[in-house]
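First comes the structure, then the notes that go with it.
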Amino acid sequence: MKISVIGAGSIGGTLGKAWAAAGHAVQFGVRDANAPKVQRLLDGISGDATAASVESALAYGDVIQIAIPGPAVAEFARTAGAALDGKTVIDASNRMGQAEMNSIGALRAVAPNARFFRAFNNLGWENFAQPQIGSERIDLFYCGDAGDAQRTVHGLINDVGLNPVYVGGLDKLPLIDMLTLLWASLAHGQGYGRRIGLKLLAP
Ligand SMILES: NC(=O)c1ccc[n+]([C@@H]2O[C@H](COP(=O)([O-])OP(=O)(O)OC[C@H]3O[C@@H](n4cnc5c(N)ncnc54)[C@H](OP(=O)(O)O)[C@@H]3O)[C@@H](O)[C@H]2O)c1
């Protein structure tokens, strides 16, 4: 599958690396494809990974993973516009401290025919780089539009090494965003540290 990862920092770099290792073709959409840190990232990836402008990357992938700072996503949505339409779009960005942490509303406004998902937003990136603790795979709770695209996203979460738990459609956005606050409260407020995951137990 062709995946465009917008942003090549902690989240984008970690997810892109994992997907390329799993056999996907990854293109990072970045502001400077020749920046030394982008080149270092590409050098450390085994598999099919390239970097290009955000505009080029938007045309590249069937799946668009957004991994830029939350406050930048509204402007990104305005610029990307119809280039997102018809694609499967995953929003990992957090607008911390805002009433609504996700940017799905702004994204959907410019691309009403895209399928949207909220995933990779509610755990620290270290847990995407090392998705297992002991013998347990960390759960990734996510939500988004039902249908074929949901099965694709489910598979992509698996490909990172996490255990996907689909919580439902976009009406579940507040739940998925609350988990970010729960994770941060435990990691930073209660001193558990960033290497923690959440687990659903079921018979
Ligand atoms: N870090 C975590 O553990 C974590 C966990 C869950 C969710 N998140 C969310 O994921 C998103 C990314 O976090 P991160 O930790 O990966 O951040 P990061 O390491 O700072 O990386 C941010 C990336 O976004 C790019 N970028 C910044 N502003 C941009 C803009 N206006 N247009 C296009 N690209 C831009 C940066 O490129 P330049 O090099 O050009 O600046 C960089 O590649 C954030 O919204 C964060 O809330 C983070």
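Every number in this text was worked out from the coordinates using simple rules, so none of it is lab data. Every value quoted in this text rests on a predicted model; they were computed, and no experiment measured them. Backbone-built Cβ (ideal geometry, glycine too); neighbour counts: all protein chains shown.
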Two-site label geometry, A22 and R151: point separation in nm, points 7 Å out along Cα→Cβ: 1.6 nm
Only Lys, Arg (+1) and Asp, Glu (-1) charged, at Cβ; the range 35-93 dipole about Cα centre in debye: 160 debye
Distance from the range 24-66 to the range 91-168 (C-alpha centre basis), Å: 19 Å
Lys, Arg +1 and Asp, Glu -1 on Cβ, resulting dipole of the chain about Cα centre, debye, nearest 20: 240 debye
Among N163, A146, I6 the positive-end extreme of the charge dipole of the chain (Cβ point charges): N163
Pairwise FRET efficiency - K199 versus A72, Cβ, R0 = 30 Å, nearest 0.05: 0.40
Other-chain or far-sequence residues with amide H under 5 Å of Q132's (modelled H): I138
Inverse of mean 1/r across different Cα pairs in the chain, Kirkwood, Å: 16.9 Å
Distance in nm between pseudo-label sites at Q98 and Q190 (7 Å out along the Cβ direction from Cα): 2.8 nm
